[in-house]
Each structure stands twice: as C-alpha cells, then as structure tokens.
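Below is one structure; the comments refer to it alone.
The values are calculated or read from the model by the stated rules, or taken from the named source; none is laboratory data. Since the model is a prediction, treat every value here as computed from it, not as a measurement. Backbone-built Cβ (ideal geometry, glycine too); neighbour counts: all protein chains shown. Just so you know, the surface numbers come from the protein's heavy atoms only, side chains and all, with ligands and any DNA or RNA stripped out. Shrake-Rupley method; radii C 1.70, N 1.55, O 1.52, S 1.80 Å.
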Amino acid sequence: MPGRVILDTDTGVDDALAILLAMRSPELRIEAITGVSGNTPLDHCMRNIHITLDVLDAPSPPEVARGEDRPLVRELAFAGDIHGDDGLGDVTRMKDASGARVYPDPVQRDSPVHAVDLILERAGQNPDELTLVAVGPLTNVARAVMRDPDRMRSLREIIIMGGTFETGGNVSPVAEFNIHADPHAAQIVCDAGIPLVFVPLDVTRQALLDAELIDRHAGEGGARATFVRDCTARYVAFHRRNRGVNGCFLHDPLAVAVAVREDLVTTVPARVDVETAGDLTTGMTVADLRSQRWGEPNARVCTALDVQAFTRLFEERVLA
Ligand code: BDR
Ligand code: CA
C-alpha cells in the first residue's frame, strides 16, 4: 500500500520539482499539498503549486491548502534572487510566438480548510501512518504542534529538508534557508517528540541535476521535461555563477526521495537543536553527529547519499 504523505512546501523552483517527483512516485499517496511562505510570498507559492499540478494533468490531484503567510517571530525574507520574482524562475512571464503566456494563471482551487487544520485533520484520521515531508520553513508544522501536540505525535515521521551540519550554510556561514527563515518554528518541531529525519545541505548539495540532462530530455518535447527546463533556467544560471556547477541542486526532491526509498541515504541519530537568538548564528542547526553525549536523539540526520541511484530515480520519474 502506498505511504500516505502530506507535502508542505514554499514552492519555489526545487519545490516544484519535488511536487513532480512526489506525484510520479507510486510508492506515495499524496494526501495533500500545503503551502507556506518562504522562497516566495504565499500567494505566489499557491499559484506555483497549481501551475506545477497543471503540468502533470493528474486525473485526481491532491487537496491544496493555504498555510501561514509569515514566520512565527522573524521578519519575512524571500529568495527572489534564486527563485525569481514569481518564485518559479519567472516562467509566469514566458510568452510563446503568438504572445500568449506559456504558463497562464491557473484556476485557483485552494481548499477552504487552512493548511494547519488540514495537517491535524489528516494526522488524526491516519494515526502512525502519515508522513509529513516539509520542504519549506517549518511555520505550518510548528503551528500544528502548538495547536495539538498529541495529534502531531501520531505522525509516522516528519522528513525535513533543512539545516546543515558539517558543510556550511547557504544564507550564512552556518545556516540553511528553511531553518533560518523560521528558526523558532524549527525549534518547536525539534522539541515536539515526533520522529524527525533531517535532509540537510550536506547531502542535498550532492544531489545535482545536470543542465545537459535537462536539455536532452526537454529536446524530446515532453511537458514535464520542458517545464523543468523552463523553470530551472534561471536557477541553473544562479548555480553556475555562485556554486560553480553546470546544473542545480535538488534539495527538495531529495526529501521526497527519502520518503520513497530510505535506502538512498545513510542516517545517524542525533539531538538536533536550532539557534534562535545568536547575532551571527541564527538558524544554525546544532548537533554532534559523532556522539550522543549532549542529549537523547530527537532525529536522524542524513549524512551520505547514493548519488547515482537518486539521480536515476529523478530522471526516470520526472524527466523521461
Ligand atoms: C531550501 O531553501 C529553498 O531555497 C529551497 O526550496 C530548499 O527548500 C534549500 O536551502
Ligand atoms: Ca523549498
């Protein structure tokens, strides 16, 4: 039986790729997609979820719910320089030869239920069965914990794309974007007593999608590969300029892949906490991956990735 999953996302270019992978994975039943502010304002995030689902043209798309439009405590901060003004590599401005928008505004089909309520409702309906894959700031998840911690403890686990442990940050020397965007929410989730799996930058930076591979598949004209090429063009340019690679990191798709096939990664148990107060270190994920002497583990942290197997999975399911 496919594993029940809710995908919580701040869609975002790599979030869109994560939606594609999740929806194309028969091992998963995507119960709902919940939106949260992060890479881009919440309105853009919701539009981007629907644009991505429209590319798939799935017969029965999942329920889509609006979540929190700002972090618990910190000021809002987006990542337009990486994900574009629209959060989706500026595909919403693309026009075809006749001047028509290639990706027009989708029909808004947001659930009347708020994302936090939907997460709690589905957790209650499926005790010990539901996995939450969280690939944006943890604001929705923390709000759900604050509202009903017992019900959230009935989740099977939360797989979090977030944090960095031994290889440095992407928004500061020590912090990763999702955790940095709402560190107070992340600490609430760390303290919740829910099984957690962290998929940090240490492994997601190994998950490189090669630009030539994208172009090769897009050249065959399929809707998914064409969309991947269109929405990643700007994101790839960012990676070429700033990361010295000809492609882009598949941060969020890797978190989905861990829900599909956990054997793709190696994990170690650890006590993870988040710095919420430091001037220089806000959003740092603090853990000692070599020893458990600083506290009972509250998470498993991914430390290694089977890069080839993951890349093959992504190529077969999303690009081909
Ligand atoms: C994370 O931050 C966002 O830019 C990406 O969507 C990913 O979730 C990587 O740090
Ligand atoms: Ca994201």
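Could you tell me how far the Cα centroid of region 115-143 sits from the Cα centroid of region 13-41, in Å?
Their Cα centres are 14 Å away from one another.
Rounded if a/c is under 1.5, else prolate if a/b is larger than b/c, else oblate: which is region 1-40, with a ≥ b ≥ c the root eigenvalues of its Cα gyration tensor?
Numbers: a/c = 4.46, a/b = 1.83, b/c = 2.44.
Oblate, because a/c is 1.5 or more while a/b does not exceed b/c.
When only C-alpha pairs under 8 Å and at least 6 residues apart count, what is the relative contact order of region 3-319, in percent?
Working: 713 pairs, mean separation 63.1, N = 317.
Contact order relative to length: 20 percent.
Under a Cβ-only charge scheme (Lys and Arg +1, Asp and Glu -1), can you give me the dipole magnitude of the chain about the Cα centre, in debye to the nearest 20?
Values: 32 positive and 48 negative charges, 58 e Å.
It comes to approximately 280 debye.
If a/c stays under 1.5 just call it rounded; otherwise compare a/b with b/c (prolate if a/b is bigger, oblate if not). Do that for region 242-319, with a ≥ b ≥ c from the square roots of the Cα gyration tensor eigenvalues.
oblate
Pull up the DSSP beta bridges for region 3-319 and report the antiparallel fraction as a percent, rounded to 5. If you can, show how the numbers build up before the last one.
Numbers: 13 of 39 bridges.
Restricted to region 3-319, the bridges split so that about 35 percent are antiparallel.
With θ taken as phi - 60° and the coefficients 6.51, -1.76 and 1.60, list the Karplus ³J(HN,Hα) couplings across region 262-271 in order, rounded to whole Hz; mark glycine and proline as x.
Per residue, the Karplus-derived 3J(HN,Hα) values read 5, 5, 5, 10, 9, 10, 10, x, 7, 8 Hz.
Over region 3-319, one equal point on each Cα, no solvent: what is log10 I(q)/I(0) by the Debye formula at q = 0.12, 0.14 Å⁻¹?
-0.73, -1.03
If each DSSP helix of 4+ residues adds -39,500 (n - 2.57) and the sum is divided by the residues in the chain, what number results at 222 nm, nearest 500 deg cm²/dmol?
Numbers: 13 runs with 118 residues, N = 320.
The per-residue figure over the chain is -10500 deg cm²/dmol.
Would you grab the residues whose amide H sits under 5 Å from the one on Val274? Only those 5+ places off in sequence or on another chain, please, with H modelled 1.01 Å from N.
Hits under the 5 Å cutoff: Val286.
Step through the residues of region 121-132 one at a time and calculate ³J(HN,Hα) from phi using the Karplus curve (6.51 cos²θ - 1.76 cosθ + 1.60, θ = phi - 60°), rounding each to whole Hz and writing x for Gly and Pro.
Those phi angles translate into 4, 5, 5, x, 6, 10, x, 6, 10, 8, 9, 9 Hz.
Are there any GluC sites (Glu not before Pro) in region 4-102 that are in a DSSP loop and have at most 15 other Cβ atoms within 10 Å? List them by number. Can you show the working numbers first?
On the way: sites: Glu27, Glu31, Glu63, Glu68, Glu75; in loops: Glu27, Glu68, Glu75.
For GluC sites (Glu not before Pro) across region 4-102 that sit outside H, G, I, E and B with at most 15 neighbouring Cβ atoms in 10 Å, the list reads Glu27, Glu75.
Tell me the per residue accessible area of region 3-319 using a 1.4 Å probe; a whole number in Å² is fine.
Value for region 3-319: 40 Å² per residue.
Amide H of Gly247: which non-local residues (sequence gap of 5 or more, or other chain) have their own amide H closer than 5 Å, using H built in the peptide plane?
Excluding prolines and chain starts, which carry no amide H, the hits are Ala211, Arg240.
Filter the GluC sites (Glu not before Pro) in region 110-184 down to the DSSP loop ones having no more than 12 other Cβ atoms within 10 Å, then list what survives.
Details: sites: Glu121, Glu129, Glu157, Glu166, Glu176; in loops: Glu129, Glu166, Glu176.
Those that pass, being in a loop and sparsely packed, are Glu166.
Can you list the residues, at least 5 places off or on another chain, whose amide H is less than 5 Å from the amide H of Val174, using H built in the peptide plane?
For Val174, the qualifying residues are Gly169.
Ignoring ligands, DNA and RNA, please state the percent of accessible area on region 75-188 from carbon and sulfur, probe 1.4 Å.
Values: 2410 of 4760 Å².
Reported share for carbon and sulfur atoms: 51 percent.
Quick one: Karplus J couplings for region 31-48, per residue in order, coefficients 6.51, -1.76, 1.60, θ = phi - 60°, nearest Hz, x for Gly and Pro?
6, 6, 10, 10, x, 9, 5, x, 4, 8, x, 4, 4, 5, 4, 5, 4, 5
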